[in-house]
Each structure stands twice: as structure tokens, then as C-alpha cells.
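**Student:** Submitted below is the structure of interest, expressed as C-alpha cells.
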Amino acid sequence: MHPLRLAGLSAALLLAACKSSPSHEEGKPKPAPVHTPLASDAGAPPVTGPDDVGARPTSTATDVATGRGGAVTSAEKNATAVGISILKKGGNAVDAAVAVGLALSVTHPSAGNIGGGGFMVIYFPDGRSTTIDYREVAPAKASRDMYLDKAGNPTEDSRRGPRAAGIPGDVAGFAMAHEKYGSLPWKDVVMPAVELARAGHVLDHFHAEDLAWAGREIDKYIGELEAAPRKNDALIAALKETVGLFRKPDGSAFKPGDTWTEPALAGTLEGIAAGGANAFYRGPLARKMATEVEKMGGIWTAADLAAYKPIERKPIIFDYRGHTVITMPPPSAGGITLRQILGASEVLGLDKLEWDSVDRIHLYVEALRRVYADRNQLVADPAFVKVPLETMLDVKYLTRRMSDIKKDRATPSKEVGAGVQLVEKPQTTHFSVVDGKGMAVANTYTLNGGFGARVAIPGTGVIMNDEMDDFTAKVGAPNMFGLVQGPQNAIAPKKRMVSSMTPTVVTRGGKLRLVCGSPGGPTISTTVAQIVLQVIDHDRPLDQAIAATRIHHQWLPDTIMHEESLDKATAKALAARGHKLTSRGRIGHANCIEVDAKTGELRAVADTGRDGGDADAF
Ligand code: DON
């Protein structure tokens with residue numbers, strides 16, 4: 001609850017840009033790789049968002065809290081406190097999760113806010129489970145090539161400004177979760193967020209730094225717009241208003257310990273407390289948002305907002321070494337990716353190798369290379385394309401897929417294509433809640449990049465997301481996370497963009513064992529997989545599993561991304577096997593809860609060393 005915070009420097013990750021022209025023809029699953037030519041290994045954009053804030057510490061510090069009555073772990077202390085107070089008041093895990101989600105929209109604006117979307121996995125004490133997909137959808141006026149310039153090259157429009165934003169799902173998703181599975185009155189779960197916004201809350205070091213970072217980024221953006229030949233005055237005015245939200249009235253930056261109030265957002269949330277999701281999606285607020293966005297040059301309409309619907313979906317459920325894993329189906333690729341990584345660990349016998357050994361890391365990375373080749377080319381919104389889900393989840397398929405891994409040599413990614421041929425062509429946040437009866441919520445939601453599109457809708461405090469960048473703007477061109485994705489995930493009106501979010505619950509013998517998730521774009525699924533593997537295969541306590549050095553590979557760019565703490569000799573040995581390596585400051589921010597298998601005690605862990613946060617339990 002009082003985490004140790006360390007200062008240090010982290011480098012921005014420069015992801016290598018790779019062009020590919022994957023082949024997508026009809027056919028059956030094939031073990032043989034499709035060769036995917038790579039044009040270049042350089043020049044990709046850096047990951048944006050507070051991941052590249054510059055002064056970010058990476059440490060192994062975690063915040064651990066134990067209890068039996070309930071537990072909450074999130075990216076921010078006031079939000080965790082809101083969740084605990086809802087549980088103490090008799091609310092269930094869903095009540096607390098919705099209250100935490102809305103509170104984070106006030107206290108963790110780089111990722112939370114109500115202008116984004118996400119995924120929630122709910123586990124019930126009787127063993128049932130469900131998920132809520134409240135991912136953003138593309139506006140009706142969106143089109144496949146909307147982010148390409150005249151020369152056919154991707155523009156910045158999918159990452160900044162009003163055209164970057166999908167129609168948000170947060171408020172509808174939380175309202176659906178609460179209506180179906182909550183127990184307290186709606187107002188009770190919304191008002192804590194209103195109070196935090198209205199009365200203000202004290203900023204910690206991480207969040208003061210986030211606001212200062214956002215201010216600097218928006219200043220740069222305004223400068224670019226002011227220098228442009230054709231000025232967008234409405235957008236410039238909205239950006240000036242947005243920067244004003246993140247600074248003191250005298251224009252100076254907030255410091256840790258300062259109190260931050262958000263009156264505009266308080267008003268919006270108050271409307272939602274009184275009128276439910278309708279207050280956001282229909283009526284005066286919706287009309288105002290649509291009008292303001294249009295003025296700034298965006299394509300949202302009031303009809304888009306009125307048409308938004310969250311979707312309750314059946315979770316992906318699979319067995320793994322005596323445990324049951326419950327996780328998110330498409331349009332998130334997270335669940336499939338997690339299943340494939342854990343399946344590969346079984347197929348390759350990774351549990352028998354030491355966690356930090358070069359042999360295990362080599363095989364693990366080779367598995368990731370193949371898993372992400374599939375993820376990037378095969379997974380998209382199932383309402384628009386056929387995702388070969390059954391095949392991708394099948395252990396026989398995984399066994400074939402892993403069969404060409406060499407024990408002592410990296411396979412270049414250009415020799416690895418998707419394993420199934422098709423007919424057709426920073427900032428996120430995760431929180432976990434468990435109540436005294438064993439009901440659990442794993443929730444990951446996001447604006448995508450840090451502070452999303454970097455612009456708030458005037459007068460509302462609603463920050464727009466830049467989730468449209470998760471679509472394939474152009475086949476073969478990397479997105480902001482360096483992901484090279486296929487035509488399955490092309491932009492279409494009302495389509496949901498593919499995601500990596502992996503909110504996950506693990507049970508054993510019908511009893512809750514782990515609730516987990518993380519931000520980090522494509523590194524989300526590997527972060528969750530590494531925690532689950534350590535807890536199940538290596539019997540490590542959750543705080544150690546969270547603290548451990550993270551390693552990631554996503555097929556393209558063809559490099560192992562690793563935290564700075566990776567042992568130097570191990571890095572050298574991996575390079576000797578033909579791997580490229582890229583060091584980055586930190587990967588993910590996993591706020592998870594485990595249930596002690598013997599005593600039934602809850603252990604909430606916040607990944608404080610990587611990005612602050614707070615765990616609490618009673
Ligand atoms: O849905 C996704 O996969 C991305 N929009 C997540 C972005 C993210 O995690 C950024 N955080 N560091």
C-alpha cells in the first residue's frame with residue numbers, strides 16, 4: 001500500500017519497421033511456414049504514450065496486500081480505495097470493478113477516462129463466467145484507406161486528433177456489467193468518481209509526470225497545427241482547452257502532492273450518475289460530443305453514439321496443467337494468444353527448464369514468433385471476418401506449428417508466416433477485483449496511446465481515444481506498437497479493431513486461483529502468459545512472478561524486446577543463437593490477485609515498480 005518508488009531512466013522503444021506482403025489464400029491449416037518478405041528493419045515510429053515518458057523507473061517493487069474480505073489492485077491509489085469502500089459497503093466484485101473503472105477515468109487519465117473501451121472477464125462463485133466486450137467501433141463514416149495519404153502512405157491521423165477515435169464503449173460496458181451482475185444502486189458506483197473529479201484528488205509522482213508529459217505533447221501538436229498551411233481553428237481551440245485541463249490555472253505543471261480537480265468531467269459523470277448510459281449515448285451530451293467532434297474535423301455522429309452496443313460474449317475457456325483458464329475471445333486476440341503461448345509451453349515442455357535459462361527463453365521466443373504471426377494476420381472482429389478460432393485453440397495445430405523450432409537457432413521471422421491460410425484476403429490499464437464470496441473481475445481498458453488522441457471534447461472532460469490505430473491502416477505497415485497486421489483487420493464502418501487485451505481468470509478444482517491482466521499493447525498477452533506460467537509451472541508466488549524480467553517477441557519486428565534487467569550473459573547467449581535483442585525500459589503493468597491454494601487468503605499485488613499503483617485488501 002506504500003510502494004517503494006525508484007527513480008531512473010527508461011529509453012523509448014524504437015520498434016523496427018517491417019514491410020510484409022503476406023499471402024492470404026484459401027486452404028487448410030498448414031504446418032509449413034509461408035515466407036513473408038521483409039523490406040527493412042529500421043525506421044518505425046516509437047511507441048507513444050507515457051511508456052516513453054523518459055524518466056520512468058523500472059524496478060522489481062511490488063505492493064502486496066492480503067485479506068479475506070475482498071481485494072482490489074489498480075494503477076492508482078484513490079481508485080483502489082474506491083473499490084475497497086464499495087466492497088466494504090456490501091457491493092460485489094462487479095460493483096467495485098465498475099466504481100474503480102469510473103474512478104480511474106478521473107485519476108488515471110492517460111488510459112482510463114470514459115472516451116475509450118475495453119474488456120471485462122467476470123467469474124462467479126458458482127463456477128460460471130462471462131465476458132463483456134466494450135471495445136470501440138469504427139464510426140459509420142470510416143473507410144478502409146482513411147489514414148493513407150495521396151501516395152498511399154499511412155498518416156498520423158490514426159494516432160492524434162479527432163479522426164483517430166473510435167466510438168467509445170466504456171460507459172455502455174460498465175452500465176451493462178452493473179445492470180446484469182451488480183448489486184448496489186448505479187448512483188452508488190458512479191458518485192465516488194464524481195466526487196474525485198469535483199473535490200479533486202492528490203497527485204502522486206507517476207500521475208503528476210503523466211499530466212506534464214501530456215501537456216508537452218499537446219503543446220507540440222498545437223505548434224504543428226499552427227504552422228500548417230490550412231489552420232484547423234476548432235481543433236487548436238480544443239487542444240488549448242485540453243492542455244488547460246492538465247495544468248494549474250496559471251499554466252504551470254502540477255507537482256506530486258498537488259490537488260487536481262476536473263469540473264468538466266465531474267459534470268459529465270454526474271449526468272451519467274443520474275441518467276445512466278443513455279446520458280452519454282443519447283440526448284444533449286451525445287449531440288454536443290458529435291457536434292464538437294465534427295467541428296474539429298472528426299467523423300463521429302450522434303447516430304454512431306446512439307448505435308453503440310457492448311456485447312456479452314462467451315469466454316475462451318481451456319485447461320492448462322490441472323487449471324482452468326478463462327479469458328477474452330475476439331475481437332481481442334488476447335485469449336487466443338494466451339492459449340497458444342501456454343499450449344506451446346506444454347508442447348515444448350518449458351516447465352522442465354529453469355525460468356531464466358537461455359534454453360527456455362530461446363524456445364519461448366520461438367513460440368512467440370509463431371503465435372504472433374498468427375495473431376497479427378488471423379484475428380479480427382468476428383462480426384466481419386472468419387477467425388479460425390477452433391484451429392488456433394487446438395493443441396494438435398499448436399504441436400504442428402511448433403514442430404519446426406530449432407533448439408539452438410533462431411528462425412528469422414521472414415521464414416514464418418501465419419499457420420492458417422485464409423479465404424479473404426502507451427496507454428492501457430488493468431485492474432483486478434475479488435470480493436469476499438469469490439466473485440472476481442479482470443478488467444483491461446484503454447484509450448490506446450497515452451492520453452489517446454490527445455484531445456478532449458470541449459466542455460465535457462472526455463478524452464478521445466486513438467484506437468483506430470489498432471486497425472490495419474495499410475497491410476504491411478507497422479502500427480504504433482510495431483505490429484504488422486493483415487487485411488482481416490482492415491477498417492470498416494462499425495467494425496471493432498483487433499486488440500491484445502487479455503483480462504484473465506484462472507481457477508483450480510472449481511476454486512478461484514488468479515485474476516490477472518496488463519496494459520502494454522502487444523506485450524499484454526506475453527506479460528499475462530509469463531505470470532501464469534510462473535505461477536502454474538514454476539510455483540512462484542504472484543509478487544515474484546510480477547516482479548520478474550519480462551521478455552516479448554511479436555513476430556515482426558524480428559527482435560526480442562526485453563526489460564533492461566535481462567541478465568547480460570543471457571542476452572549474449574541468445575544473440576549467439578541468432579536472436580536480435582532490443583532493450584526497453586519496462587513492459588506492462590500487471591495488477592493481479594491470487595488466492596492462496598492452501599489458506600484461501602487473497603493476495604493483491606500492484607506492479608508498482610513499473611508504473612505505480614496500489615493494492616489493498618481486508
Ligand atoms: O487494444 C490494444 O491492444 C491496444 N489498444 C492496447 C494499448 C495499450 O495497451 C497501450 N498501453 N500501454
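**Student:** How would the range 575-618 be classified by its alpha-carbon gyration tensor: rounded, prolate or oblate, with rounded meaning a/c under 1.5 and the a/b versus b/c comparison settling the rest? List each step's numbers first, then the result.
**Tutor:** Working: a/c = 6.71, a/b = 2.03, b/c = 3.30.
Note, shape of the range 575-618 comes out oblate.
**Student:** Another question, if that's okay. Report, in listed order, any pair from 396/572; 89/180; 309/386 with a Cα-Cα distance greater than 24 Å.
**Tutor:** Values: 396/572 34 Å; 89/180 19 Å; 309/386 21 Å.
As for pairs spanning more than 24 Å Cα to Cα, those are 396/572.
**Student:** Using only the Cα atoms of the range 194-282, build the gyration tensor, take square roots of its eigenvalues as a ≥ b ≥ c, and label the shape rounded, prolate or oblate: rounded if a/c is under 1.5, else prolate if a/b is larger than b/c, else oblate. Intermediate values should be presented prior to the final figure.
**Tutor:** Numbers: a/c = 2.88, a/b = 1.22, b/c = 2.36.
Oblate is the answer for the range 194-282, as a/c is 1.5 or above yet b/c matches or exceeds a/b.
**Student:** Using label points projected 7 Å from each Cα along Cα→Cβ, tell me how many nm separate residue 156 and residue 250, to one decimal.
**Tutor:** Label at residue 156, label at residue 250, 3.1 nm between them.
**Student:** Return the aspartates and glutamates within reach of residue 314: Cα separation strictly under 15 angstrom, same-chain partners fewer than 8 residues apart disregarded; answer none if there are no such residues.
**Tutor:** Counting by Cα, and skipping residues close in sequence, residue 314 has these aspartates and glutamates nearby: 133, 381, 390.
**Student:** Averaging sequence separations of C-alpha pairs under 8 Å and six or more residues apart, then dividing by the length of the range 463-618, give the relative contact order as a whole percent. It would help to have the intermediate numbers written out before the result.
**Tutor:** Details: 242 pairs, mean separation 27.1, N = 156.
Relative contact order here is 17 percent.
**Student:** Round to a whole angstrom and tell me the spacing of the C-alpha centers of the range 477-556 and the range 290-322.
**Tutor:** 20
**Student:** Then there is this: What whole-number value in Å² describes the accessible area per residue of the range 369-511 for a 1.4 Å probe? Numbers along the way, then the final one.
**Tutor:** Numbers: 3920 Å² over 143 residues.
Spelled out: the 1.4 Å probe surface of the range 369-511, per residue, equals 27 Å².
**Student:** Report the local net charge at residue 236: Lys and Arg +1, Asp and Glu -1, summed over other residues whose C-beta lies under 14 Å from its C-beta.
**Tutor:** On the way: positive: 160, 220, 230, 231, 240, 295, 454; negative: 219, 224, 226, 233, 241, 292.
Combined, the nearby Lys, Arg, Asp and Glu give +1.
**Student:** Further question on the same structure: Over the range 267-339, what is the relative contact order in whole percent, taking alpha-carbon pairs under 8 Å and six or more residues apart? Can you show the working numbers first?
**Tutor:** Working: 59 pairs, mean separation 12.0, N = 73.
Dividing the mean separation by the residue count of the range 267-339 yields 16 percent.
**Student:** Once you order the gyration tensor axes a ≥ b ≥ c over the Cα atoms, which shape class does the range 95-173 get: rounded for a/c under 1.5, otherwise prolate or oblate by comparing a/b with b/c? Don't jump to the answer; show the numbers that get you there.
**Tutor:** On the way: a/c = 3.53, a/b = 2.04, b/c = 1.73.
It is prolate, given that a/c is not under 1.5 and a/b is the larger ratio.
**Student:** Take the cross-link list 352/568; 240/295; 231/474 and give me the ones stretching past 18 Å between alpha-carbons.
**Tutor:** Numbers: 352/568 23 Å; 240/295 15 Å; 231/474 27 Å.
Over 18 Å Cα-Cα: 352/568; 231/474.
**Student:** Now, a different point. If r is the Cβ-Cβ distance from residue 278 to residue 312 and R0 is 22 Å, what FRET efficiency results, to the nearest 0.05?
**Tutor:** Values: r = 19 Å, r/R0 = 0.85.
The pair residue 278/residue 312 has a calculated efficiency of 0.75.
**Student:** For the range 67-189, which whole percent of the accessible surface, found with a 1.4 angstrom probe, sits on carbon and sulfur atoms?
**Tutor:** Values: 1740 of 3500 Å².
About 50 percent, which is the carbon plus sulfur part of the accessible surface.
The values are calculated or read from the model by the stated rules, or taken from the named source; none is laboratory data. If you're wondering where the values come from, they're calculated on a predicted model, not measured in any experiment. Please note: Cβ atoms are built from the backbone with ideal geometry, for glycine as well, and neighbour counts cover all protein chains shown. Accessible surface areas use protein heavy atoms only, side chains included; no ligands, DNA or RNA. Shrake-Rupley method; radii C 1.70, N 1.55, O 1.52, S 1.80 Å.
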